[in-house]
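*Asks:* Would you mind keeping the following structure in view while I ask a few things?
The values are calculated or read from the model by the stated rules, or taken from the named source; none is laboratory data. Since the model is a prediction, treat every value here as computed from it, not as a measurement. Don't worry about glycine lacking a Cβ; one is built from the backbone with ideal geometry, like all the others, and counts go over all protein chains shown. The area values use the complete protein model at the heavy-atom level, side chains included, leaving out ligands, DNA and RNA. Shrake-Rupley method; radii C 1.70, N 1.55, O 1.52, S 1.80 Å.
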Amino acid sequence: MIKNKCILGDIGRIVTGKTPSTKNKTFWDGEIPFVSPVDLQNGKHILKTERTITETGKGSVKCCTLPPGAVCVSCIGNLGYTALTTHESVSNQQINTIIPSANYDTDFVYYLLKSLWPEFKNMEGQSTTLSILNKTQFSKIQVSVPELSIQKKIGAFLSSLDDKIELNIQINQNLEEQAKAIFKSWFVDFEPFQDGKFMDSELGPIPEGWQVGTLEEIIELHDSRRVPLSGSQREKMKKIYPYYGAASLMDYVEDYLFDGAYTLLGEDGTVVTDDGMPILQYVWGKFWVNNHAHILTGKKGHSPETLYILLKNTPIKSIVTGAVQPKISQANLKSIPIVIAPKEQILKYKELIDPLFAKVRENHDESNHLATLRDTLLPKLMSGEIDVSEVEV
């Protein structure tokens, strides 16, 4: 496979982002995605951004508009996060973006930038302050690129793996929505129980035989088993088991504290969504948790899965304390008022959603295997160790 050496600046036009004035409210909350580094960490494609801007906001940062298919790379702070735009977008100044020219395959350029992750991390480690890779430095990074037909084959092959991963994510989101819809039907609208008698409660009418209680009555907390690990400790460990924080998977470590299915709920830091719902993670298998997430299982018929869906439907903004560092204490968590159905009804609901969550776990595990395969093949394809010139994709 013949490869030509070039610099990133040869591959296409490079755009450094810019942030519209945050003081001008007419610039914000429009229809145009505004990309920041956090939006580059959710897969290959930027399907949604945390913030958006208006046409007026876009006009205030001229020459920074990105077309669909532009390759965004974080170049300030955590270097090397990479993703593709799916809509006309604007990015902030922490991101350099390549808009590939006609001689370069967009998917290949994305994976080429992904393959530079070790180089970006090495640059990051050389800085004692905030790591910055400016437009000039970024443009001059040297790479080797095969002819366009080979680029297309490599891009198509790796994309097939990422496409399946993204499809699994969409399926899992749909499965979770199904579980939430059943919960709402049963435990909010009481649709299966309309033929029976109802009684008044502080939370409104509920079926006769049900009761109002607190979350403490149906949960087991396992917070005492948590052990935080510093970044320096984790750096020395083999990457085997997931290490979870308040809101997400943070790392992998060589040992585990828990084995089984659990619901994690953010304790401090990022603890609620914009609409006041808790930040939750449904996890299973062998894993480690730091001290920023509550760890829950259920009782009185409740499982981690039924708890997860119940909490997905429970606003908790009123129990969050701390103006600077939001926090949900154990006491406040336990005090959340809820409607408690008879154990018989909980078990029937559990029978309905257990197959949905079994499929969620299956899809998630398959995606992990595909991601491992992709990450193993990526450097070999980019270096030419695996030759795809004679392969039909």
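*Asks:* Trypsin sites (Lys or Arg not before Pro) within the stretch 220-275: which are DSSP loop residues with at most 13 other Cβ atoms inside 10 Å?
*Replies:* Hits after loop and neighbour filter: K236, K238, K239.
*Asks:* While we're here: Using just the helices of the chain, give the 222 nm mean residue ellipticity in deg cm²/dmol: DSSP H runs with n ≥ 4 each add -39,500 (n - 2.57), and the total is spread over all residues, rounded to 500.
*Replies:* Value at 222 nm, helices only, nearest 500: -11000 deg cm²/dmol.
*Asks:* Same structure, new question: Counting only protein heavy atoms and a 1.4 Å probe, tell me what percentage of the stretch 235-350's accessible area is made up of carbon and sulfur.
*Replies:* 51 percent
*Asks:* How far apart, in nanometres, would the label points at N24 and K239 be if each is projected 7 angstrom from Cα along the Cα-to-Cβ direction?
*Replies:* Label at N24, label at K239, 4.2 nm between them.
*Asks:* Less than 14 Å Cβ to Cβ from S329, Lys/Arg counted +1 and Asp/Glu -1: what total charge do the surrounding residues give?
*Replies:* Result for the neighbourhood of S329: -2.
*Asks:* Here are some values of Cα extents along the principal axes in Å: [x] 68, 51, 36; [y] 75, 49, 44; [z] 103, 52, 40. Which one was computed from this structure?
*Replies:* [y]
*Asks:* Another one. Quick check on the stretch 1-59: take the gyration tensor over C-alpha atoms, sort the square-rooted eigenvalues as a ≥ b ≥ c, and tell me if it's rounded (a/c under 1.5), prolate or oblate.
*Replies:* Here the stretch 1-59 falls in the prolate category.
*Asks:* Mind checking which lysines have their Cα closer than 27 Å to the Cα of K380? Skip sequence neighbours fewer than 8 apart in that chain.
*Replies:* Cα-Cα hits under 27 Å: K3, K5, K44, K114, K121, K140, K152, K153, K164, K236, K238, K239.
*Asks:* Around Y111, what is the net charge, scoring Lys/Arg as +1 and Asp/Glu as -1 over all other residues with Cβ under 14 Å from its Cβ?
*Replies:* Once all neighbours under 14 Å are counted, the net charge is +1.
*Asks:* Spin-label point model (7 Å from Cα, Cβ direction): what's the T56 to L347 distance in nm?
*Replies:* 6.1 nm
*Asks:* 5 Å is the cut-off here: which amide hydrogens, built 1.01 Å from N in the peptide plane, fall below it relative to I219, excluding neighbours closer than 5 in sequence?
*Replies:* Amide H neighbours of I219: K299.
*Asks:* As an exercise, identify the trypsin sites (Lys or Arg not before Pro) in the stretch 257-346 lying in DSSP coil whose Cβ has no more than 14 other Cβ atoms within 10 Å.
*Replies:* K299, K300
*Asks:* Please go through the stretch 72-169 and write out the GluC sites (Glu not before Pro) that DSSP classes as loop and that have at most 15 other C-beta atoms within 10 Å.
*Replies:* Passing sites in the stretch 72-169 are E88, E147.
*Asks:* Using +1 at the Cβ of each Lys and Arg and -1 at the Cβ of each Asp and Glu in the chain, identify which of S367, L215, P205 lies farthest towards the dipole's positive end.
*Replies:* It is S367.
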